1. Only protein chains counted, 1.4 angstrom probe. Which residues of the stretch A:234-260 are at least 30 Å² less accessible in the assembly than when their chain is isolated?
2. By how many nm would the segment from A:Asp100 to A:Glu15 grow when fully extended, if each residue of separation counts as 0.36 nm and the alpha-carbon distance is taken off?
3. Convert each backbone phi in the stretch A:229-242 into a coupling constant with the Karplus relation 6.51 cos²θ - 1.76 cosθ + 1.60 (shift: θ = phi - 60°), then list the ³J(HN,Hα) values in order as whole Hz, x for Gly and Pro.
4. For the pair A:Arg175 and B:Glu87, what calculated FRET efficiency results from E = 1/(1 + (r/R0)^6), where r is the Cβ-Cβ distance and R0 = 41 Å, to the nearest 0.05?
5. Taking 7 Å along the Cα-to-C-beta vector as the label spot, tell me the B:Asp41-A:Ala110 distance in nanometres, rounded to one decimal.
6. Which residues make up the longest stretch of chain B that has no GluC sites (Glu not before Pro) in a DSSP loop with at most 12 other Cβ atoms within 10 Å?
7. What number comes out for accessible area per residue over the stretch A:236-319 if the probe is 1.4 Å? Units Å², please.
8. So, R0 is 35 Å and r is the distance between the beta-carbons of B:Ser30 and A:Arg192; what FRET efficiency does that work out to, to 0.05?
Amino acid sequence: MSATADDLPAVRSAEALYTAWEEQHWSVGALPFAEDAAGWNELSSFWRDELLGAIRELHAGEVAVTETLTPLIDFAHTPADRNYLCTQIADEARHVAFFDAYLEAVGAIADVRAAADLATYQDVFEPALRRATGAVREEPADPGRWYAASVHYHLVTEAVLGVTVLRSTRQFARRVRVELPALEQGLTNLARDESRHISFGLASARRGVADGHGEPILEAYTAAIKLAARVLVGPDRRSAAPVVPAALRARAAQIEGQWGVARDRVARNLGLIGLEDAVDGVVTAWDEAREAALDDYEATFGAPHPVRQAQALGAGAAR
Amino acid sequence: MSAVDLEHAAAEVRRLVGQMSPLGPREPASEDRIIEDLGYDSLAIVEMAMTLETELDLDRIPEEAAIDVVTVKHLEELVIGILRRREDAS
């Protein structure tokens, strides 16, 4: 049986999140981009490409969420929700400004604009997010649509995809052997902002479940997490598979670690909104979507994904 | 592929592994262990392997031929094995 709202851990109210926003302002212009520009030139091509790939994913995500939030603001259920959501769209705009300024400073903005390796996100996930939020405008009197859109936006785009990529990018940036202070500070600021956004999503989805909208919420969540699993696998993006077995295993472990973070979030979100009964079914849907994406990767590139190549090598210890 | 070419490839492996050591550039011996003696962690191994593949134009090897690497010597053997297979196949 699902927990009642009273049994669930406390989450911050929209009013509290608004207050936190006022106390947690930051400025893109205050970040030391010039220091990162110098450090960026010292990076090896491997680290530069890895870091740029991750930043590109975050940048694309921030642009999409900036463009799709307004229906949730226009048809917010309470004045407090609307006030809070207006702070969030300011955050999203600041995040886009941060990545634009960063990529400009390190001379990579042209690479990002020319890149075509985010096809799964841009062709599959983002249109679904736009449809979900756009559907709120078409039928504003239907609260189920608003909750479904918020779940897609806050609980999957931000709390699964965003959190996972942000976390792995921060970890990666910390292992680079040169100083990148603007990136470190900027990503820390982003993580703080995202924490408020996710809190709002959890609180509103929990309210939706309690008010009898559990079915559209679960339906939207399940559909969106399948797409998120596909985005993380990236069946349209060739993933480097090192020839050296130890490197292949390390690469696969790095990728699987990222997928594991996302899978944990998928399950945890449901528990936090009062739908823990659905965890097993949704996690199974996640796993099936991931395996289907891996099959598609193999069909596209004529070789298994590095994770499957590493599995084929076996888990034998180094000799 | 001649013995000289293979020795050159082995020397190139040692040079790259030493140059990219997280402990700082050095001249490693073949018996040096990549993790314990040269300071490589998982990401550094991936970086080193990808650089080796680019510099030596290495192909993917069959799973049954894959050997794991602990020392620089193992890595030299792996690279030489890949180059020999490519030579045999051409």
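The values are calculated or read from the model by the stated rules, or taken from the named source; none is laboratory data. Computed from a predicted structure; not experimentally measured. In this analysis, Cβ positions are derived from the backbone assuming ideal geometry, glycine residues included, and neighbour counts consider all displayed protein chains. Each accessible area value is taken on the protein alone, full model and side chains, heavy atoms only, with ligands, DNA and RNA left out. Shrake-Rupley method; radii C 1.70, N 1.55, O 1.52, S 1.80 Å.
1. At a threshold of 30 Å² (probe 1.4 Å), the residues of the stretch A:234-260 that become less exposed are A:Pro242, A:Val243, A:Val244, A:Pro245, A:Ala246, A:Ala247, A:Ala250.
2. On the way: separation 85, 0.36 × 85 = 30.60 nm, distance 3.06 nm.
That pair, A:Asp100 and A:Glu15, stretches by 27.5 nm at full extension.
3. 4, 5, 4, 5, 5, x, x, 9, 10, 5, 10, 4, 10, x
4. Numbers: r = 37 Å, r/R0 = 0.91.
That gives a FRET efficiency of 0.65.
5. 3.4 nm
6. Details: sites that count: B:Glu31, B:Glu36.
The segment B:37-90 is the longest one with no such site.
7. Working: 3550 Å² over 84 residues.
Ligands and nucleic acids excluded, the figure is 42 Å² per residue.
8. On the way: r = 49 Å, r/R0 = 1.41.
FRET efficiency, B:Ser30 to A:Arg192: 0.10.
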